[in-house]
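Working notes for the structure below.
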Amino acid sequence: NYIQNKPSVVPPFTQRIKTYSQDYNLDSFSLVAQLPLAVAPWECVAPIINFTLIKYNKRQTHVAALQQEFSQVPYTYSDYRSFFTDVTKSDCAVGCAVISETWRVVRRLDDRASIFTAELYALILAVEFIIENAIQHSVIYSDSFSALKALASLEVPKNTFVTKLRNIVHTAAKSDLHINFCWVPSHVGIQRNEDADRAASTCIERQVDIKDIPYTDYKHSLKQAIQKKWQLEWDTEIHNKLHCVKPTLREWASCRHRERFFEVVLCRLRLGHTRLTHGYLLRAEAAPKCEHCNESLSVLHILIVCPKYHHERTTFFSTFFRNRVPFHPALLLGDEPLVPHRQVFKFLDSIGILHRL
């Protein structure tokens with residue numbers, strides 16, 4: 001009651017989180033995986049990772065060549081037990097799988113988990129199995145370069161699963177268990193890798209096994225929730241001049257122009273507020289009228305309505321007339337206009353208005 005009666009008072013952090021969670025339909029009690037590094041980074045046993053196949057560009061190398069190169073790799077680990085890991089992520093589920101000659105495991109993670117987290121957890125499952133069964137020599141094949149790179153890095157990880165993986169790899173090394181990791185290209189017909197991929201896709205048939213995920217994985221769903229609420233609010237702003245140009249909220253690539261002058265002009269045109277049409281507000285004057293037809297002067301009037309500039313429109317916006325497309329602000333000023341923005345600038349320059357905006 002005190003906070004409600006005193007709007008200027010900032011509510012406690014927990015109260016703010018509760019309010020935001022309700023506004024954005026988020027679970028504020030979601031589980032977060034937390035784990036400290038068991039040993040100092042400089043004391044960790046360096047993992048053995050084979051990145052030999054990374055030198056082949058998958059886009060430029062024929063699939064048969066990649067398969068041939070991989071076929072030579074197992075000879076390096078002839079006395080090692082092999083494990084293959086893979087993950088899947090869709091709108092329905094996130095899961096991972098580990099397979100070997102006589103063992104297979106599939107786990108489903110929280111639907112908000114990232115592919116990176118799932119790849120790490122697959123490696124964790126493989127290493128834990130190796131430790132539990134005291135397998136002396138083993139090799140784990142993974143197509144996740146980012147996960148293996150994070151394992152090899154000495155940087156303090158943001159993802160808790162990297163920490164967990166480093167801890168158990170260190171534990172295995174101290175127990176004289178020799179674990180090698182090997183990167184393999186994905187989706188090039190490597191049989192065991194494809195088997196792991198198919199196994200991971202079956203996670204949708206399971207309940208969620210792993211509910212604790214790193215806090216970083218919640219960022220994407222939080223951004224989506226905020227974006228959705230923001231879009232709903234923006235959908236009600238139908239009288240805003242920018243709304244008809246930009247009905248969907250997203251980043252505009254076209255807003256970055258090589259020359260700042262044109263970037264500023266485009267921005268002002270989109271907002272519908274320019275020096276020519278709205279400078280009177282700063283000068284405390286009456287709203288300007290079109291000197292040709294005595295209508296209220298606006299960006300839309302100049303670009304689309306005023307009959308004085310019809311000839312210039314047929315010259316610079318000929319696509320509209322040729323294809324019989326009705327004029328619309330979004331087709332002139334949007335991120336995907338029917339005519340290039342430079343045509344709009346040329347039109348404004350030809351009627352002597354470009355440098356008055």
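The values are calculated or read from the model by the stated rules, or taken from the named source; none is laboratory data. Since the structure is predicted, the reported quantities are computational estimates derived from the model, not experimental observations. Neighbour counts are summed over all protein chains in view; Cβ atoms, including those assigned to glycine, are modelled from backbone coordinates with ideal geometry.
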Taking first residues from segment 166-190 that are over 14 Å from residue 140 (Cα atoms) and second residues anywhere that are assigned to a strand (DSSP E or B), the pairs with Cβ under 8 Å that are 6 or more apart or on different chains are 173/179; 186/86
Single residue of 1, 5 found to be out of contact with any Cys (no Cβ under 6 Å at 6 or more places or on another chain) and either surrounded by 10 or more Cβ atoms within 10 Å (Cβ to Cβ) or modelled with pLDDT under 75 (or both): 1
Take residue 232 and tell me if it is of a type outside the set (Lys, Arg) and outside the structural domain of residue 336 (by TED's automatic domain parsing). yes
Name, by its number, the condition in (1) in contact with a Ser or Thr (Cβ under 8 Å, 6 or more places away or on another chain); (2) more than 30 Å from residue 273 (Cβ to Cβ) that does not hold for residue 155. (1)
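Per-residue answers, yes or no, for (1) part of a loop (DSSP other than H, G, I, E, B); (2) without any contact (Cβ under 8 Å) to a residue 24 or more places away in the chain; (3) more than 16 Å from residue 356 (Cβ to Cβ):
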position	(1), (2), (3)
244	yes, no, yes
249	yes, yes, yes
258	yes, yes, yes
264	no, yes, no
267	no, yes, no
282	no, yes, no
285	yes, yes, no
The residue that is farthest from residue 340 (Cα to Cα), considering only those in segment 301-330 that are touching a Cys at 6+ places or on another chain (Cβ under 9 Å) and aliphatic (A, V, I, L, M), is 305
If you check residue 259 against the conditions, is it under 25 Å from residue 307 (Cβ atoms) and exposed (fewer than 10 other Cβ atoms within 10 Å of the Cβ)? no
Just name the residue that is modelled with the lowest pLDDT out of those in segment 59-83 that are farther than 21 Å from residue 102 by Cα and surrounded by 14 or more Cβ atoms within 10 Å (Cβ to Cβ). 61
Within segment 53-63, the residues that are of a type outside the set (Phe, Trp, Tyr) and touching a residue at least 40 places away in the same chain (Cβ under 8 Å) are 53, 54, 58, 63
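If I filter segment 96-113 for residues that are part of a helix (DSSP H, G or I) and β-branched (Val, Ile, Thr), do I get at least one hit? Lay out the reasoning, then the answer.
Restricting attention to segment 96-113, the residues satisfying the condition of being part of a helix (DSSP H, G or I) are none.
Within segment 96-113 (the criterion being part of a helix (DSSP H, G or I) and β-branched (Val, Ile, Thr)), the answer is no, since none of the residues qualifies.
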Only one of 150, 173, 200, 196 is touching a Gly at 6+ places or on another chain (Cβ under 9 Å), assigned by TED's automatic domain parsing to the domain that holds residue 39 and in a helix (DSSP H, G or I). Can you tell me which? 200
Can you tell me how many residues within segment 303-340 are surrounded by fewer than 12 Cβ atoms within 10 Å (Cβ to Cβ), under 36 Å from the mean Cα position of the chain (by Cα) and among the charged types (D, E, K, R)? 1
Confirm whether residue 163 is assigned to a helix (DSSP H, G or I), out of contact with any Pro (no Cβ under 6 Å at 6 or more places or on another chain) and not hydrophobic (A, V, I, L, M, F, W, C). no
Of 87, 98, the only residue that is within 19 Å of the chain's Cα centre (by Cα), crowded, with 17+ Cβ neighbours inside 10 Å, within 23 Å of residue 188 (Cβ to Cβ) and not polar (S, T, N, Q) is 87
With respect to residue 176, determine if the residue is of a type in the set (Asp, Glu) and crowded, with 20+ Cβ neighbours inside 10 Å. no
So, in segment 310-357, exactly how many residues are of a type in the set (A, V, I, L, M) and in a helix (DSSP H, G or I)? 7
Within segment 64-94, tally of residues that are within 22 Å of residue 146 (Cα to Cα), in contact (Cβ under 8 Å) with a residue 24 or more places away in the chain and outside any loop (DSSP other than H, G, I, E, B): 13
Go through segment 114-147 and give me each residue that's acidic (Asp, Glu) and assigned to a helix (DSSP H, G or I). 119, 128, 132
